[in-house]
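Worksheet for the structure shown next.
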Amino acid sequence: MPLTLYLLRHGATEPETPWRFLGQRDLPLSAEGRAQAAAWRAALAAVPLTRAVCSDLSRCRETATIVLEGRGIAAEPLPVLREIALGVFDGLSREEVASRFPGLYEARGRDMAHFRPPDGESFADLAERAGQIVERLAASVSGDVLVVTHAGVIRVLLCQALGIPLENLFRLDVAPCSLTILCWEGREPRLVCFGRTV
C-alpha cells in the first residue's frame, strides 16, 4: 500500500503584539485554534488513519487530540517533529533581535537555509531532523498517517519532497491548521493537496 502523510499544522495560538519569533516555546492553542482542530475532526472523519504522530509541544498535542477524538488511535508525541529551535531569537520581536544582536537578523536573511542563531538550529538542521520521520514511517507504515506539526517542519519536508531549494522555503505559505498531503506510491512523493483550510 502507498504511504500518505496528512501534514497538519497545529491550530492558532494567541497572537502576540508585537509579533514575536515562535520556535520551541510551548504555547497552548487559542479558542480559535481549538475550533480549527474540531473542524478537521469532522473533515477527516472518513479518512481511515492507520497511525498518528505529532510534535511533543502542547499546541500540536492538543490539536491532534481534538482531531482524533472518537477514534481508536492517539497521536504519538515525537520531539523530532518540533518546530525549528530559534535559540536566542525565540520570544523576541524583530526589533529586539536587531537591537540585541546587531547584524544577525540580516545574516539570517542572507542565508536562510544555513544560518544558525546562537543556541539554535538552521533550516538545514531542521530538514535533516524532520526528514528522519518520513524515512521511519516509510519503512514501517503504510496507508494514511496523520502528522501534526509546525509550519517550519512542513516547509522543509515539502522542499525535500519536491526538490525546492531550502532558500525558498518561505515561498510556501503554511497557515495555522492548514492541511498538506504527500503521497508515496513508489519511490517519489507526489503533492496531493497544499495548504487546505476548513
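Reported count of residues in the range 69-122, each being in contact with a strand residue (DSSP E or B) (Cβ under 8 Å, 6 or more places away or on another chain) and part of a helix (DSSP H, G or I), is 2. Quick check on the range 151-173. Is at least one of its residues touching a residue at least 24 places away in the same chain (Cβ under 8 Å), assigned to a loop (DSSP other than H, G, I, E, B), under 15 Å from the mean Cα position of the chain (by Cα) and buried (at least 21 other Cβ atoms within 10 Å of the Cβ)? No: the range 151-173 contains no residue that is touching a residue at least 24 places away in the same chain (Cβ under 8 Å), assigned to a loop (DSSP other than H, G, I, E, B), under 15 Å from the mean Cα position of the chain (by Cα) and buried (at least 21 other Cβ atoms within 10 Å of the Cβ).
Tell me, yes or no, whether the range 13-30 has at least one residue that is modelled with pLDDT of 95 or more, in a loop (DSSP other than H, G, I, E, B), buried (at least 16 other Cβ atoms within 10 Å of the Cβ) and of a type in the set (Ser, Thr, Tyr). Yes; the residues of the range 13-30 include at least one that is modelled with pLDDT of 95 or more, in a loop (DSSP other than H, G, I, E, B), buried (at least 16 other Cβ atoms within 10 Å of the Cβ) and of a type in the set (Ser, Thr, Tyr).
Has the range 46-59 got at least one residue that is in a helix (DSSP H, G or I) and crowded, with 19+ Cβ neighbours inside 10 Å? Yes.
Checking each residue in the range 105-129 for being of a type in the set (A, V, I, L, M) and buried (at least 16 other Cβ atoms within 10 Å of the Cβ) picks out 112, 113, 124, 126, 127. Residues of the range 140-198 that are at pLDDT 95 or above and of a type in the set (D, E, K, R): 144, 155, 167, 171, 173, 196.
For the range 185-198, the count of residues that are among the aromatic types (Phe, Trp, Tyr) and farther than 25 Å from residue 41 by Cβ is zero. For the range 1-9, the criterion of being in contact with a helix residue (DSSP H, G or I) (Cβ under 7 Å, 6 or more places away or on another chain), aliphatic (A, V, I, L, M), modelled with pLDDT under 95 and not in a helix (DSSP H, G or I) is met by at least one residue.
The values are calculated or read from the model by the stated rules, or taken from the named source; none is laboratory data. Note that the structure is predicted; figures quoted are calculated from it, not measured. Using ideal geometry, Cβ is built from the backbone for each residue, glycine included, and neighbour counts are taken over all protein chains shown.
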